[in-house]
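Presented below is the structure to which this report refers.
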Amino acid sequence: MSSLTDVLTEIIDLLGQSGRPDKAAWLQERKLLLQRSDVTDDAREHVTTELHAVVLGMGGLMDLSLAPEPGSSFTAASARERLDALGDTLYDLTR
């Protein structure tokens with residue numbers, strides 16, 4: 001099974017190639033926080049809760065429209081399909 005940071009890395013890359021740098025940056029901040037060794041358990045739990053909520057929440061990953069940039073390795077359909085799969089994995093990993 002993928003680790004949480006691996007899934008976040010894939011989602012960040014996909015969003016960066018699909019016209020959603022704002023969401024990619026938000027996820028990158030949380031990923032970096034999770035990777036820090038000096039983060040408290042409470043902070044880690046807060047970030048995990050935020051990540052869980054961003055999958056289905058209003059304006060969450062499942063609501064995003066994706067417009068892959070020219071030269072992207074994704075089409076609109078393949079980006080949506082991949083984000084849906086990664087979102088499901090993220091949701092499961094953050095329960």
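Where a number appears in this text, it was derived from the coordinates with a stated rule and is not lab data. What you are looking at is a predicted structure, and each value in this text was computed from that prediction instead of being measured. Cβ coordinates were reconstructed from backbone atoms using ideal geometry, including for glycine residues, and neighbour counts include every protein chain displayed.
Helix 41-56 axis versus longest C-alpha principal axis of the chain: approximately 30°, rounded to the nearest ten.
Taking a Cβ cut-off of under 15 Å around Gln28, the surrounding Lys, Arg, Asp and Glu residues balance to a net charge of -1, with basic ones at +1 and acidic ones at -1.
By the helix-only formula, in which each DSSP H run with n ≥ 4 contributes -39500 (n - 2.57) and the sum is divided by residues, the chain has a 222 nm mean residue ellipticity of -22000 deg cm²/dmol.
Here the chain is assigned +1 on the Cβ of each Lys and Arg and -1 on the Cβ of each Asp and Glu. Its dipole about the Cα centre then comes out at about 140 debye.
Between the Cα long axis of helix 21-35 and the first principal axis of the chain there is an angle of about 30°, rounded to the nearest 10. Other residues within the sphere of radius under 12 Å centred on the Cβ of Phe74, judged by their own Cβ, net out at -1 (K and R +1, D and E -1). Across the options Gln35, Leu8, Gly19, the greatest Cα extent toward the positive end of the charge dipole of the chain (unit charges at beta carbon of Lys, Arg, Asp, Glu) belongs to Gly19. Counted by Cβ distance under 15 Å from Asp42, the other residues give a net charge of -1, where Lys and Arg count +1 and Asp and Glu count -1.
A Gaussian network model of the chain, with springs between Cα atoms under 10 Å, assigns the largest mean-square fluctuation among Ser18, Ser72, Ser37 to Ser37.
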